[in-house]
Amino acid sequence: MRLSRYFLPVLKETPKEAEIVSHRLMLRAGMIKQEASGLYAWLPLGYKVLRKVQDIIEQEQNRAGAIELLMPTLQSADLWRESGRYDDYGKEMLRIEDRHGRDLLYGPTNEEMITNIFRSHVKSYKDLPLNLYHIQWKFRDEIRPRFGTMRSREFLMKDAYSFDLDKEAAVKSYHRMFVAYLRTYKRMGLTAIPMRAETGPIGGDLSHEFIVLADTGESGVFCDRDLLEKPIPAADIDYDGDLSEIVDDWTSLYAATEDMIEMDKFEADVPEDRRIAARGIEVGQVFYFGEKYSEPMGAKVLNDEGKEVAVHMGSYGIGLTRVVPAIIEACHDEDGIIWPVSVAPFELGLINLKTSDDASVETCQKLYSELKNAGIDVLYDDRDMGAGGKFATADLIGLPFQMIVGPRGLKNGEVEIKDRKTGERSNVSIDTAVEHIRAIIEPLRLDKI
RNA sequence: CGGAGUAUAGCUCAGCCUGGUAGAGCACUGGUUUUGGGUACCAGGGGUCGCAAGUUCGAAUCUUGCUACUCCGACCA
């Protein structure tokens, strides 16, 4: 992409409403634009990151055996009356009346609807286990939206729903999602720690929140330092096999949110030098809630004895529009964002320092074309402006690498490559520059970890 | 929902106390500069001062009402 033809409204100054660093940087980097309280437009750069996050989530969900579909944002109130949640959910649910006076609602979550889909079509234990998910916009009329897209009213969420014949099988489904989540966050460059959590309005008796440690997090968390270093299950993990060992390994170390903390146990289980008491951002949550919806809504199958039984369900959420600022909270410095390659809006910034110099322009054109052919997602800064501004833009929007082209380097047949994260620069010859950067970027894409 | 605050140009803000018909920097447009970490200079465009009513000869400024947004607290991916 040529920057002169792109839509990247970066801000030099920080809009006053933004309190936390991710919100400030998302506004300054031209990723989002607030439309109303808790409602945001995703501008091209932000949307590109959101799509990359979505791709990773889809890949890992699919790998774990979940199947993607898409449900509507608006739902019939009748469905929610069946589960009893139409009255229970409260003012957080946006209620709408259509022209015929029928009660609708903008979905805050989809347990009822997915249960309805399931019961319409699945009648036999032979069709289980089943895990269906979608990535769709949700609306929760939060009392106080804040921190940009971190807590917005409209938000994009991946929600998966598992269906199993009994609790034992349901726990296996829960484990599959648990492992998939570990991999998903890791691929985005996040260290997310599963912590025992309250089940809240979703209900149920087994739940973990996945928490990214950050000073700006909204929850207080307590955990064992060793969790931060734990290796993540590899891409070739067998999701049909027994995952309980992995889950047990992760859950054997103490980790809980402030709502669930038992201080005695925390201090007894974790040696003092390994105790972490910190703030955290909740980037996902998994629940097992058994027959809470299947029973009242009649989601039943015949078992191998021909008996009708309510299925055991779980639900598994990741807030995509929260994950993006969480990554920024974890990856930034005073100059701007530092994207992990896997979610970077562009992998490389190609910077032409001097657009009035024919040799620079010509070299950039050639490199730009070769980089694209080499499969590198490159943003070519061909704007007619000073070098300082171009460096500042590239640093702000956080492209992992910069390829800097100017008359000084060209005299020696070289271009400069800068690593955004370390600040290291190195000169490489023009002829090998594309291959050089490709060799650096490819292993960082984390298609497999 | 309780408490606190803000609203003036695209952004950051000054002017309001003490009423006299709107400013700065950045951004934008045209030009000069050809500048390797936001270069410098010249010229220019852009605002019913959140909305409504009131007081007044006169309101960005004073009064009242409304709306939007932000921050602190209790809830949530």
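Things to note:
- Residue match in region A:223-235 (condition: at pLDDT below 90, in the same structural domain as A:Ser22 (by TED's automatic domain parsing), more than 12 Å from RNA strand B (Cβ to nearest atom) and touching a strand residue (DSSP E or B) at 6+ places or on another chain (Cβ under 9 Å)): no
- Taken over region A:136-172, the criterion of being under 26 Å from A:Met31 (Cβ atoms) and part of a loop (DSSP other than H, G, I, E, B) is satisfied by A:Arg140, A:Asp141, A:Glu142, A:Ile143, A:Arg144, A:Pro145, A:Phe147, A:Ser152, A:Arg153.
- Condition check for A:Glu308: out of contact with any helix residue (DSSP H, G or I) (no Cβ under 8 Å at 6 or more places or on another chain), of a type outside the set (A, V, I, L, M) and in the same structural domain as A:Glu68 (by TED's automatic domain parsing): yes
- Residue that is nearest to A:Leu444 (Cα to Cα), among those in region A:175-195 that are in contact with an Asp or Glu (Cβ under 8 Å, 6 or more places away or on another chain) and charged (D, E, K, R): A:Arg187
- Pick from region A:173-190, criterion assigned to a loop (DSSP other than H, G, I, E, B) and of a type in the set (A, V, I, L, M), ranking: surrounded by the fewest Cβ atoms within 10 Å (Cβ to Cβ): A:Leu190
- Scanning region A:12-32 for residues that are near RNA strand B (Cβ under 10 Å from one of its atoms) and surrounded by 14 or more Cβ atoms within 10 Å (Cβ to Cβ) yields A:Ala18, A:Ile20, A:His23, A:Leu27, A:Arg28, A:Ala29.
- Listed by position, the strands (runs of 3 or more DSSP E) inside region A:1-80 whose residues that are of a type in the set (Phe, Trp, Tyr) number at least 2 are A:39-42.
- Close pairs (9 angstrom Cβ cut-off, 6 or more residues apart or separate chains): in contact (Cβ under 8 Å) with a residue 60 or more places away in the chain in region A:74-102, open to solvent by 30 Å² or more (accessible area, probe 1.4 Å) and charged (D, E, K, R) anywhere: A:Ser83/A:Lys292
- A search for C-beta distances below 7 Å between a residue of region A:35-59 that is free of Cβ contacts under 8 Å to residues at least 12 places away in the same chain and any residue that is open to solvent by 40 Å² or more (accessible area, probe 1.4 Å), counting only pairs 6+ apart in sequence or on different chains, returns A:Ala41/A:Lys33; A:Ala41/A:Glu35.
- Filter result for A:Glu82 (at pLDDT below 95, open to solvent by less than 20 Å² (accessible area, probe 1.4 Å) and assigned by TED's automatic domain parsing to the domain that holds A:Ile281): no
- The set of residues in region A:270-315 that are β-branched (Val, Ile, Thr) and under 21 Å from A:Arg176 (Cβ atoms) comprises A:Val283, A:Val286, A:Val301, A:Val311.
- For region A:301-320, the count of residues that are out of contact with any Asp or Glu (no Cβ under 9 Å at 6 or more places or on another chain), without any contact (Cβ under 8 Å) to a residue 60 or more places away in the chain, within 15 Å of RNA strand B (Cβ to nearest atom) and more than 26 Å from A:Ile135 (Cβ to Cβ) is zero.
- Close pairs from region A:1-29: first within 18 Å of A:Ile328 (Cα to Cα), partner among the charged types (D, E, K, R), Cβ under 6 Å, at least 6 apart: A:Leu11/A:Arg28; A:Thr14/A:Arg24; A:Ala18/A:Arg24; A:Ser22/A:Glu329
- When region A:432-449 is limited to residues that are modelled with pLDDT of 95 or more and surrounded by fewer than 13 Cβ atoms within 10 Å (Cβ to Cβ), the one that is nearest to RNA strand B (Cβ to nearest atom) turns out to be A:Thr432.
- Options A:Lys138, A:Lys158, A:Lys126: the member that is touching a His at 6+ places or on another chain (Cβ under 9 Å) and either assigned by TED's automatic domain parsing to the domain that holds A:Glu58 or under 24 Å from A:Ser219 (Cβ atoms) (or both): A:Lys158
- Candidate set from region A:102-144 (those that are open to solvent by 60 Å² or more (accessible area, probe 1.4 Å) and of a type in the set (Lys, Arg)); member that is nearest to A:Glu60 (Cα to Cα): A:Lys126
- Residues that are among the charged types (D, E, K, R) and open to solvent by 50 Å² or more (accessible area, probe 1.4 Å) within region A:344-374 comprise A:Lys354, A:Asp358, A:Glu362, A:Lys366, A:Glu370, A:Lys372, listed in sequence order.
- Considering region A:193-213, the residues that are acidic (Asp, Glu) and within 11 Å of RNA strand B (Cβ to nearest atom) include one that is modelled with the highest pLDDT, namely A:Glu209.
- Which listed residue is outside the structural domain of A:Gly107 (by TED's automatic domain parsing), within 30 Å of A:Leu25 (Cα to Cα) and within 10 Å of RNA strand B (Cβ to nearest atom), from A:Ile281, A:Ile351: A:Ile351
- The set of residues from region A:260-294 being out of contact with any Gly (no Cβ under 9 Å at 6 or more places or on another chain), part of a loop (DSSP other than H, G, I, E, B) and surrounded by 13 or more Cβ atoms within 10 Å (Cβ to Cβ) comprises A:Met260, A:Glu262, A:Val270, A:Glu291.
- Checking each residue in region A:95-109 for being within 15 Å of RNA strand B (Cβ to nearest atom) and in a loop (DSSP other than H, G, I, E, B) picks out A:Gly107, A:Pro108, A:Thr109.
- Taking region A:376-413 as the range and being under 9 Å from A:Gly349 (Cα atoms) and within 6 Å of RNA strand B (Cβ to nearest atom) as the test, only A:Ile404 passes.
The values are calculated or read from the model by the stated rules, or taken from the named source; none is laboratory data. Note that the structure is a prediction, hence the values are computed from the model and not measured. As a convention, Cβ positions derive from the backbone with ideal geometry for all residues, glycine included, and neighbour counts pool all protein chains shown. Surface accessibility is based on the protein's heavy atoms, side chains included, excluding ligands, DNA and RNA. Shrake-Rupley method; radii C 1.70, N 1.55, O 1.52, S 1.80 Å.
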